Amino acid sequence: MSRLIALAILCLAATPGQAGELSVMEAESVDLGGFHGVVYYTVEQDGYRVVATIAEGESGLPVRCEATLTDTQKLTISAPGNLGGQTHVLELRRAHGKLVVATPKPVTEELVTGAPNLGND
């Protein structure tokens, strides 16, 4: 229960938006389709420790992703869409001493319905 309270506090303290640069310990709200959460980072000896906590809807169990990023590294978090629909993607990228939170162009998943053509026509 205390984790849910902490997530709620972070959501209230978070800056709204989907793309932009974060400052140290500044939380930003994120939206991945039906999944919502917050992202923040701290500066550690090995790099930026990035923490993203997301949950499905208001009652979903929160999931936390953590990674330490050095300059030019990125972390991609994705949430599936409906069958044949868009996959929702969040990209956390460290560039030039900053953490950039962005939503790249949506990816549409396609079903493969036949065997690949291996040139044996």
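Only the coordinates and a few stated rules stand behind these numbers; no lab work does. Just so it is clear, the model here is predicted, and its values are computed rather than measured. Glycine gets a Cβ as well: all are built from the backbone with ideal geometry, and neighbour counts include every protein chain shown.
Full extension from residue 42 to residue 76: what is 0.36 nm times the residue separation minus their Cα-Cα distance, to one decimal in nm?
10.4 nm
Just add up the charged neighbours of residue 31: K/R +1, D/E -1, any other residue whose Cβ is under 14 Å from the Cβ of residue 31.
Net charge around residue 31: -4.
Could you go through the range 41-58 in sequence order and give the Karplus-derived ³J(HN,Hα) for each residue, using 6.51 cos²θ - 1.76 cosθ + 1.60 with θ = phi - 60°, rounded to whole Hz, and x for Gly and Pro?
These are the phi-based 3J(HN,Hα) values: 9, 10, 8, 10, 4, 8, x, 8, 8, 9, 10, 10, 10, 10, 8, 7, x, 8 Hz.
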